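Remarks on the structure that follows.
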Amino acid sequence: MSETRESQPSQEYDAVVVGAGMGGLYAVKRLRDQGLSVLGLEGAPDVGGVWWHNRYPGARVDVESIAYCYFFDPELYREWRWTERYAAQPEIQAYLSHVADRYDIRSRFRFSTWLTEAVWDPQRERYDLRTDTGQRISTRFLVMATGQLSRARKPDFPGLDDFEGEWVQTSHWPDEPPVLAGKRVGIIGTGASGVQVIQTIAPEVAHLTVFQRTANYSIPAQNRPADDAKHAEISADVPGYWQKLQGLGGAAEMLGPAGKASDLTPEQQEEALEAHWQAGGHAMNLVFSDQGTNLESNTLVGDFVRRKVRERVKDPEKARILTPHEYPIGSRRIGVDIGYYETFNRDNVSLVDVKADPIQRITPTGIQTRDGHYELDVIIFSLGFNAFTGAIDQSGIRNELGESPIDRWKRGPRTYIGLMTSGFPNLFLLTAPGSPSVLSNMIVGNVQHADYVGDIIRHMEDHGYSTVTVSPEAEDEWRAVVDAAAAPLIRRQVENYMVHVNEDGTRVFQPYPGGHHNYVAKVEEIKRDGFRGFDFGAGTEGGTEAALAASSRGGRA
Ligand code: NAP
C-alpha cells in the first residue's frame, strides 16, 4: 500500500500495532495469522523496540536468553543458537530482525513513523490515526506495544546547551555514537543501564568519571557460554517448555528459595546466600522465601551483598560510596553485572558521590559539582525512564470525550488485568500496569498478552461484537487484586519507578507483583468465564457491519 498524505483518504485496517519490539512483532504476526488486516507503526528505522533504542555499549539482557525468546515455532527455537547465557544487544537485535524476516512481519510495518494522534470515533467504532509523516489511518483495534521503559528522562542540568563536547543518552543511543576510545568520559546514572555502560567502556576510555547519586545493588551475572545441553532439552519439547514458563513466577527458571530465613541455621543461610550468588543475577532476589516481605530476612541478603561489594572494591573510600545502604535489596531492580565493582579498581575510573557533592551545572568543558570541576570530552546520561505511562502519554490517544488514558490515571494507572483501561474501547495496552510487566520475563509477558488480545478479538467475531471495553468497576476489582499482592511487600514502601505515590501519600504499586504464574491462572480463568469483566457491544450500525464483515472474512491481510 502506498503512503497516504493529509489530503488523501485514510487507509483502513482491522488492527494497528504500535511498536516493533518483541511484543509488537509478535502481535502483528498473531493478528495477521488469524485473518485480520494489520499495520505496524514504528518510530525507529528498524525493528527491536527497547533493544534498538538502547544500543549503548554493554547492553545485555538480564533474563537468561534460553527463555528470553519466542517459543511459538519449535523450529525457530531449535535453529536459533544463543552464544551466551545472557545475550548482548547485537545478538538480540539480530534475532528480532531474523524473526521479522522469517515470518514476513517486517513488511507489515511502517518504520520511522511515530503515532501522533489516535481518536476514537464512537459512530464508526474506529480509531482515526495520524502520524508524524502525515499519514491518516483508520483502525478498529489499536494495540499499543510501546513497552514500559520507552520514554527516557531527559537531562535537564543547567548549562547542558553550552557543553562543547558531545553528550548522549543510553536510552537513545545514536547511529553514530561519539568516539569514546581515548576520551575523558563522564556518566551520570548508575542503574541497570549505567552499570552495563560503566563496566564496558572503562577499558577503552582515557578516563571515566562516574557520578553516582544512590548506591544500587548489583549482582554478578555469572555469564558464560550458552548451555547446549539445556538448549537440547528444551528443543525436545518446545511447547512443553512454554507451558512450564507459564507456571513460573518470573516466567524464567531460576534457583528457588532455600526457605524462610528464620527456619534456617546461620550455616544454612550462608550456604543459600553463596549458592544464589553463584547462580547469579536475579537469583539473589530468591535466597529466602520471605526476603521481599520480612526486613530481617532481607537484611541478611543485603548484608551479604554489602560484604561482597567491600571485597570487590579495593579502595576503601570508593567501596564506602558504592556500598548500597539506602534501601532494602530487591526493592528496586538490581543490576546484573559483569565485573561492575571491579571496574572501580582501575586507575582510570573515579567516582563522585553527588549526594555529598551535588552537580551544580554543566560547563562548556565538563561538570561542575559543589566541590570540584571535572573536565570531560563526552557525557553519557543514563537517568532512567518515565516508566509505564511515557509512551502512551505521547501517542495522542483520545476517547470521544477528548481524554487520554493518562488523564484518568492521576491516582495511579487504572487497568483491567493490565491490558485495557476504561473509557477506551478496542484499545489494548500490552504488558501495562496491572500485569506482571517488568517484574517478569518481558518477551513471555508480551506474547501472552498478544495471544490474549487475539483471543478477545476472535471471541468478538464469533459473537458479532464490534466493541470491547472495561468498566471502572472492573478496574477497581483488579486494583484490589494487585493491591492485595503488593500489600506485604517491602518494595511497595520504597521510592522506585514501580510505585506511584499520590499527593495524599497513598501508594499504588503499578505492576502485578503476584507472579506470572498466578497472573496467567487468573486471566485464563477470566477467559474461560467468557472474558468476565470485559464489556462487549454490537453498538452502532457501522460497528455491527464491521463486526459481521470481519467475522465472515478469512485471512485477507
Ligand atoms: P534507573 O534504574 O531508573 O536508573 C537511573 C539512574 O539515574 C539512577 O542511578 C538515578 O539515581 C540516576 N539519576 C536520575 N536522575 C539523576 C540526576 N538528576 N542526578 C544524578 N543521578 C540521577 O534507569 P536504568 O538504569 O535505565 O534502568 C531502568 C530499567 O531498565 C531497569 O530497572 C530494568 O528494568 C531495565 N533495564 C534492564 C536491563 C537488562 O535487561 N539488563 C538493562 C538496563 C535497563 P537515583 O537512584 O538516585 O534515582
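The values are calculated or read from the model by the stated rules, or taken from the named source; none is laboratory data. What you see is a predicted model, and the numbers here were worked out from it, not measured in a lab. Here the Cβ is made from the backbone with ideal geometry for all residues, glycine too, and neighbour counts use every protein chain on show. What goes into the accessible areas is simple: the full protein's heavy atoms, side chains included, and nothing from ligands, DNA or RNA. Shrake-Rupley method; radii C 1.70, N 1.55, O 1.52, S 1.80 Å.
Going out from 0 in 5 Å bins, what whole percent of all Cα-Cα distances in segment 1-132 drops into each bin?
Pairs per bin, as whole percents: 2, 10, 19, 20, 18, 13, 8, 6, 3, 1, 0.
State, to one decimal in nm, how far the label point of residue 355 lies from the label point of residue 373, with both points 7 Å from Cα in the Cβ direction.
2.9 nm
If you take every DSSP beta bridge whose two residues both sit in the chain, what share of them, in percent to the nearest 5, is antiparallel? Could you put the intermediate results ahead of the total?
Numbers: 28 of 68 bridges.
Here the share of antiparallel DSSP bridges comes out near 40 percent.
Quick one: ranking 140, 408 by accessible area, 1.4 Å probe, largest first, what do you get?
Details: 140 10, 408 75 Å².
These residues rank, largest area first, as 408, 140.
Which values, in whole Å and largest first, are the semi-axes of the equivalent ellipsoid of segment 414-486 obtained as the square root of 5 times each eigenvalue of the Cα gyration tensor?
Details: eigenvalues 89, 55, 15 Å².
Semi-axes from the Cα gyration tensor: 21, 17, 9 Å.
Once the convex hull of the alpha carbons of the chain is built, what does its volume come to per residue, in cubic angstrom?
Values: hull volume 88.8 nm³, N = 557.
Measuring per residue, one finds 159 Å³ for the Cα hull of the chain.
Hey, what angle do you get for helix 516-528 against the long axis of the chain, alpha-carbon based, 0 to 90 degrees rounded to 10?
Helix 516-528 sits roughly 10 degrees off the main axis of the chain.
Tell me, what is the 1.4 Å probe accessible area of residue 376, in Å² to the nearest 10?
Result for residue 376: roughly 10 Å² accessible.
Can you give the FRET efficiency for residue 481 and residue 348, using 1/(1 + (r/R0)^6), R0 = 41 Å, r = Cβ-Cβ distance, to the nearest 0.05?
Numbers: r = 51 Å, r/R0 = 1.24.
According to the calculation, E is roughly 0.20.
For helix 472-486, report the angle its Cα long axis makes with the longest principal axis of the Cα atoms of the chain; keep it between 0 and 90° and round to the nearest 10°.
It works out to around 30 degrees.
Show that you can apply the helix-only estimate: for the chain, add -39,500 (n - 2.57) for every DSSP H stretch of four or more residues, divide by all residues, and state [θ] at 222 nm to the nearest 500. Write down the numbers at each step before the final one.
Working: 16 runs with 172 residues, N = 557.
Theoretical 222 nm ellipticity from helices: -9500 deg cm²/dmol.
Can you pull the accessible area of residue 51 for me, 1.4 Å probe, Å² to the nearest 10?
Probe radius 1.4 Å; accessible area of residue 51 about 30 Å².
With the other protein chains left in place, how much accessible area per residue, in square angstrom, belongs to segment 1-136 at a 1.4 angstrom probe? Show your work: numbers first, answer last.
Numbers: 4900 Å² over 136 residues.
Roughly 36 Å² per residue, with all protein chains present.
Could you point to the residue in 51, 250, 501 farthest towards the positive end of the chain's charge dipole, with +1 and -1 charges on the Cβ of Lys/Arg and Asp/Glu respectively?
Final value for the positive-end residue is 501.
Any lysines with Cα under 16 Å of the residue 355 Cα? List them, leaving off those in the same chain fewer than 8 positions away.
Residue 355 reaches 318.
Taking all protein chains as present, what is the carbon and sulfur share of the accessible area of the chain, in % to the nearest whole number, probe 1.4 Å?
C and S fraction of accessible area: 49 percent.
Using a 1.4 Å probe and ignoring any ligands, DNA or RNA, find the accessible area of residue 317 and quote it in Å² to the nearest 10.
Here the residue's solvent-accessible area equals roughly 100 Å².
Place a +1 charge on the Cβ of each Lys and Arg in segment 235-374 and a -1 charge on the Cβ of each Asp and Glu, then give the dipole magnitude about the Cα centre in debye, rounded to the nearest 20. Don't jump to the answer; show the numbers that get you there.
Details: 16 positive and 20 negative charges, 116 e Å.
Roughly 560 debye for segment 235-374.
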